[in-house]
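Okay, structure first, notes after.
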Amino acid sequence: MINVQPVTLARGPIRLVPLGLEHEQGLAAAAADGALWQLRVTSVPEPGQTRAYIETALAMRQAGNRLAFAVLDAATDQVIGSSSYHDIVPAIDRLEIGYTWYARSRQRSAVNTTAKWLLMQHAFETLGAQLVGWRTDNYNFASQAAIERLGARKDGVLRHHALRRDGTVRDTVMYSLAAGEWPEVKAHLEYLLNKPR
């Protein structure tokens, strides 16, 4: 049975550390880089709501169904975004990776691939997860493409599934990666991260 506990994960340009109130100012600055809260298909905190965003994540951690991370620039300790384990189901060794967003200036870099490598490697190789899942808004085409680039398989679409921040109801696109698929996906991600740029 997986037992998700706070941990720090690091590789190359980034570190993932458990999200806490000490990250409030940095997280707000990262969200402001691109005014990301204006995107209707993400969960980025709006100005003045960063503390509540973190407090919600901490309450979910206490309840055992989410472990949120601050994603830091390894060289400067600047907060550049956030990602989480969530929908943790220990009885079947399943969890999902989500609530992911990065400052606009860090998008289309090695940050997301590195963060996902760290989270999947820890999930499969340390926690013993049998399946890692992702979910995204049906109109978040950038997120769908990023998840597919990781090697996850599209499971299907849950129609009329969840509220967006603007009050509309979204369809949710579901993806997953099974433990047996991880070695091949890991090798591919290693290639992507190590190839000359």
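The values are calculated or read from the model by the stated rules, or taken from the named source; none is laboratory data. From a predicted model like this one, the values you see are computed outputs, not experimental measurements. Here Cβ is always computed from backbone atoms with ideal geometry, including for glycine, and neighbour counts include all displayed protein chains.
When you check GLY48 against the structure, is it free of Cβ contacts under 8 Å to residues at least 24 places away in the same chain and part of a loop (DSSP other than H, G, I, E, B), yes or no? Full working, then the answer.
On the way: free of Cβ contacts under 8 Å to residues at least 24 places away in the same chain: yes; part of a loop (DSSP other than H, G, I, E, B): yes.
When the stated conditions are applied, GLY48 passes them.
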Selection from the stretch 132-151 of residues that are outside any helix (DSSP H, G or I), over 12 Å from VAL185 (Cβ atoms) and within 15 Å of the chain's Cα centre (by Cα):
GLY133, TRP134, ARG135, THR136, ASP137, ASN140
Of residues in the stretch 139-151 being modelled with pLDDT of 90 or more and among the small types (Gly, Ala, Ser), the one farthest from MET120 (Cα to Cα)
ALA145
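Of everything in the stretch 152-197, what is under 12 Å from MET120 (Cα atoms) and in a loop (DSSP other than H, G, I, E, B)? Give them in sequence order. Talk me through it step by step, then tell me what you get.
Kept after step one, since they are under 12 Å from MET120 (Cα atoms), are these residues of the stretch 152-197: 152, 176-179, 181-183, 185-186, 189.
Matches in the stretch 152-197: ALA152 only.
Out of the residues in the stretch 50-73 that are surrounded by 15 or more Cβ atoms within 10 Å (Cβ to Cβ) and of a type in the set (D, E, K, R), which is farthest from ASP137 (Cα to Cα)? Spell out the reasoning first.
First pass over the stretch 50-73, keeping only residues surrounded by 15 or more Cβ atoms within 10 Å (Cβ to Cβ): 50, 53-54, 56-58, 60-61, 65-73.
Subsequent filtering for residues that are of a type in the set (D, E, K, R) retains 61, 66, 73.
Working: ARG61: 23, ARG66: 19, ASP73: 27 Å.
The qualifying residue farthest from ASP137 (Cα to Cα) is ASP73.
Confirm whether ASN140 is in contact (Cβ under 8 Å) with a residue 60 or more places away in the chain and either surrounded by fewer than 22 Cβ atoms within 10 Å (Cβ to Cβ) or out of contact with any Pro (no Cβ under 9 Å at 6 or more places or on another chain) (or both).
Numbers: in contact (Cβ under 8 Å) with a residue 60 or more places away in the chain: yes; either surrounded by fewer than 22 Cβ atoms within 10 Å (Cβ to Cβ) or out of contact with any Pro (no Cβ under 9 Å at 6 or more places or on another chain) (or both): yes.
Here the answer is yes, as ASN140 does meet what is asked.
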Give the stretch 8-24 a look and list any residue that's surrounded by 15 or more Cβ atoms within 10 Å (Cβ to Cβ) and among the β-branched types (Val, Ile, Thr), or say none.
ILE14, VAL17
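Scan the stretch 29-49 for residues that are within 17 Å of ASP77 (Cβ to Cβ) and either surrounded by fewer than 19 Cβ atoms within 10 Å (Cβ to Cβ) or at pLDDT 95 or above (or both) and jot them down.
Taking the stretch 29-49 and keeping what is within 17 Å of ASP77 (Cβ to Cβ), we get 29-30, 33.
Listed by number, the residues that qualify are ALA29, ASP33.
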Pairs with Cβ under 7 Å, 6+ apart, first in the stretch 96-120 and assigned to a loop (DSSP other than H, G, I, E, B) and crowded, with 21+ Cβ neighbours inside 10 Å, second at pLDDT 85 or above and not small (Gly, Ala, Ser)
ALA103/ILE80
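Report yes if THR42 is part of a loop (DSSP other than H, G, I, E, B), without any contact (Cβ under 8 Å) to a residue 40 or more places away in the chain and not hydrophobic (A, V, I, L, M, F, W, C), otherwise no. Break it down stepwise before answering.
Numbers: part of a loop (DSSP other than H, G, I, E, B): yes; without any contact (Cβ under 8 Å) to a residue 40 or more places away in the chain: no; not hydrophobic (A, V, I, L, M, F, W, C): yes.
The answer is no for THR42.
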Within the stretch 151-159, is there a residue that is free of Cβ contacts under 8 Å to residues at least 12 places away in the same chain and surrounded by fewer than 16 Cβ atoms within 10 Å (Cβ to Cβ)?
no
Complete set of residues in the stretch 60-89 that are within 14 Å of the chain's Cα centre (by Cα), within 18 Å of ARG135 (Cα to Cα) and among the hydrophobic types (A, V, I, L, M, F, W, C):
LEU67, ALA68, PHE69, ILE88
